[in-house]
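Remarks on the structure that follows.
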Amino acid sequence: MTALAPQSTSTFLHVAGELLTPLPEGALWWAARRLLVVSDLHLEKGSAYAARGQMLPPYDTGATLSVVERLAAALQPETILSLGDSFHDRAADLRLPEAYAARIRALTAAHDWVWVEGNHDPDPPAHLGGRAAKTLRLGPLVFRHEPEGEAGEIAGHLHPVAKVKGRGRTVRRKCFASDGARLVMPALGAFTGGLNVLDDAFAKVFPEGLTAFALGEDKVFVLSGASLLGDVPTGVRWKL
C-alpha cells in the first residue's frame, strides 16, 4: 500500500455506531451534536521549556489557538471539548500573554467550552472561562483524557502517530487511532510529539488491532494495520 493514498474528499469513521469526521487539523467533528473535539493543546509548552533554559520559539500557543479559531469559525460548533492537557503545566496560565488569554476567553464565551481534566492540567484556569469535567458522557460516547479501553471511549494522552513506507522513504504523521469501538485523538498542539501506534501502549487499548487515520495537508488518509511500521531497527516488524 502506498503511504497516504487519498480515500475521499472527506473521511468518516464510526465509534460505537456514531458517525464522526476526523479533520486534517487533528480535531474531531461530531456533526449530529455540533461538537468539536480537540486534544492535547499543550498551550505554553514553549515558555515552559524556555524557563528551563531550552529556548523554543515562543509562538506555539498562538499557532495552536489559530487552528482552533479557524475550525470554530468554519464549523460553528455548539460545544468545543478540549480533551485534557490543554495547558502544558499548572503554571501555564501565569505565563500566558494577555493577548492569548483574550483569544481563549473569546472562544469560551462563544461556545459551550468544556475543559476535560488532563494529567498536565487537572485544574483549568477559571479566569479563562468554560467549564471543567473529569469525563463527559454524551449518548454512547464517553470523553476522557487517558484511555481506559471502555467501549465508546474518545481519549487523548498518547499522541498517536503512524509510520508508513512512502516513495523511497518512510513517512511519519500524526493520526487518529480507532478500532470502531473506541478512538485515541492526535495531539493538536504545535510543539507536541507523538508515540507510534505500534507501541505496546496502544495494544492495551486496542487488543484486536487498530486502523490509523493519518493527517495530510488537507485530507485524512486511512491506513490499515498491515501497512504500518514500528520505530524499530530495519528488518524488524511489530504486529498488531
Check your understanding: For Ala203 and Arg172, FRET efficiency with R0 = 22 Å and r from the beta-carbon atoms, rounded to 0.05?
Key -> 0.70
Review point. Of Leu223, Leu94, Leu141, which has the largest mean-square fluctuation in a 10 Å C-alpha GNM of the chain?
Key: Leu94
Practice item. Specify the angular offset, from 0 to 90 degrees and rounded to the nearest 10, of the alpha carbon long axis of helix 98-110 from the longest principal axis of the alpha carbons in the chain. Key: 80 degrees
Check your understanding: What ranking of Glu208, Glu217, Glu150 emerges when the number of other C-beta atoms within 10 Å of each C-beta is taken as an exposure proxy, fewest first?
Key -> Glu217, Glu208, Glu150
Exercise for review: Starting from the coordinates of the alpha-carbon atoms of the chain, obtain the Kirkwood hydrodynamic radius over all distinct pairs and give the value in Å to one decimal.
Suggested key: 18.1 Å
Practice item. Could you check which residue among Pro97, Pro124, Pro186 shows the biggest mean-square fluctuation in a GNM of the chain with a 10 Å Cα cutoff? Key: Pro97
Practice item. State, as an integer percentage, the relative contact order of segment 13-227 based on alpha-carbon contacts under 8 Å between residues 6 or more apart. Key: 22 percent
**Study point:** Point-charge dipole on Cβ atoms (K/R +1, D/E -1) for segment 13-227, about Cα centre, debye to 20
**Key:** 560 debye
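None of the figures in this text is laboratory data; all of them are computed from the coordinates on show. It should be emphasised that the depicted structure is a prediction, and the values quoted were computed from it without experimental measurement. Here Cβ is always computed from backbone atoms with ideal geometry, including for glycine, and neighbour counts include all displayed protein chains.
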